[in-house]
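Step one of this worksheet: look at the structure below.
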Protein chains: 2
Amino acid sequence: MFKFQPIGYVCSPYFETTQVPRGPGTQHHAEGLLEIAPEFEEGLIDIEGFSHLFVIWVFDRSEGFALIGVPPTDDRPHGVFATRSPYRPNPIGLTVVEVLGREGRKVRVRGIDMLNGTPILDIKPYMSGIPTEKLRLGWFAEAEARRTKLS
Amino acid sequence: MFKFQPIGYVCSPYFETTQVPRGPGTQHHAEGLLEIAPEFEEGLIDIEGFSHLFVIWVFDRSEGFALIGVPPTDDRPHGVFATRSPYRPNPIGLTVVEVLGREGRKVRVRGIDMLNGTPILDIKPYMSGIPTEKLRLGWFAEAEARRTKLS
């Protein structure tokens, strides 16, 4: 067992899971704050030089897990590790956000898809991404193709 | 406090931190396995359709944390949340790996930078990245520029 304590909390416009946009074609443009606890503020030095950050957080209002589930972007079931389902063996979330600025221990960001009050476990700089042309998206691409064919 | 249990372990060619390539220009091409516990194997269904995965893991051999540190890619100190230092308030690691194949509960991957036996907390599909031209890399870009000027 590993124990982790929050380094801070997300200040988000979303208070209920039903308010978080999801399903096909969803893009997250919501702005919010990463409010880091005073004792960890020093760890934020130079974070504002990066355009994007990884935020690792806890689905603290999600209960239990399901190894197989139907995601909102498909009508077929997939393994939980092939989806972003909140019902995971370890309810850990990962979001890439864009940095808008920092005032002390508050980092203003765009791309929030967490609920207000979500506990943050870690923040890391986004250093490089995999180019789109090198990505294969498995069931997600297949579901998109089926939708395009239908519409 | 949040408690997490490993869903599996990394099988890596690296047994000591000194063996893991680091510093300027490092690329990770090492191959290894993500060995998931039998009770979570079902959660891997369809994972092999994705070219890349996020692996969230624990720096289980790292002790304590430092809010400010000098990374191996620079000669100046930065806040821990602006670096990939193992000495983090919550010692959580994040690695993007390329999927080579899956045999049952073993996922063969390329891009391992973890030690052998590293506990895995979660695996997620890599759905999209930020294009390189949209990235600002703060201190990392400045350190690279200084190195280029010197060489």
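The values are calculated or read from the model by the stated rules, or taken from the named source; none is laboratory data. What you see is a predicted model; the values in this text were computed from it and never measured. As a convention, Cβ positions derive from the backbone with ideal geometry for all residues, glycine included, and neighbour counts pool all protein chains shown.
For this structure, a couple of remarks:
- Selection count, segment A:123-141, where residues are over 19 Å from B:Asp46 (Cα atoms) and crowded, with 19+ Cβ neighbours inside 10 Å: 5
- For segment B:13-20, the count of residues that are within 13 Å of chain A (Cβ to nearest Cβ) and in contact (Cβ under 8 Å) with a residue 24 or more places away in the chain is zero.
- Taken together, the residues in segment B:95-142 that are among the acidic types (Asp, Glu), more than 19 Å from B:Pro21 (Cα to Cα) and at the interface with chain A (Cβ under 10 Å from one of its Cβ atoms) amount to 2.
- Output for segment B:52-65, where each listed residue is modelled with pLDDT of 95 or more, part of a loop (DSSP other than H, G, I, E, B) and either surrounded by 17 or more Cβ atoms within 10 Å (Cβ to Cβ) or touching a Pro at 6+ places or on another chain (Cβ under 7 Å) (or both): B:Phe59, B:Asp60, B:Phe65
- Leading residue by the ranking (farthest from the other protein chains (Cβ to nearest Cβ)) among those in segment A:65-86 that are farther than 27 Å from A:Leu34 by Cβ and without any contact (Cβ under 8 Å) to a residue 24 or more places away in the chain: A:Val70
- Just one of (1) touching a Pro at 6+ places or on another chain (Cβ under 9 Å); (2) without any contact (Cβ under 8 Å) to a residue 40 or more places away in the chain; (3) within 7 Å of chain A (Cβ to nearest Cβ); (4) farther than 30 Å from B:Glu39 by Cα fails for B:Asn90. It is (4).
- Members of segment A:66-122 found to be within 16 Å of the chain's Cα centre (by Cα), in a strand (DSSP E or B) and surrounded by fewer than 21 Cβ atoms within 10 Å (Cβ to Cβ), listed by number: A:Leu94, A:Thr95, A:Val96, A:Glu98, A:Arg108, A:Arg110, A:Pro119
- Meets criteria (within 18 Å of B:Ser128 (Cβ to Cβ), surrounded by fewer than 16 Cβ atoms within 10 Å (Cβ to Cβ) and acidic (Asp, Glu)) for A:Glu144: yes
- When B:His29 is tested against (1) in contact with a strand residue (DSSP E or B) (Cβ under 7 Å, 6 or more places away or on another chain); (2) at the interface with chain A (Cβ under 7 Å from one of its Cβ atoms); (3) surrounded by fewer than 21 Cβ atoms within 10 Å (Cβ to Cβ); (4) closer than 30 Å to A:Gly79 by Cα, just one condition goes unmet, and that condition is (2).
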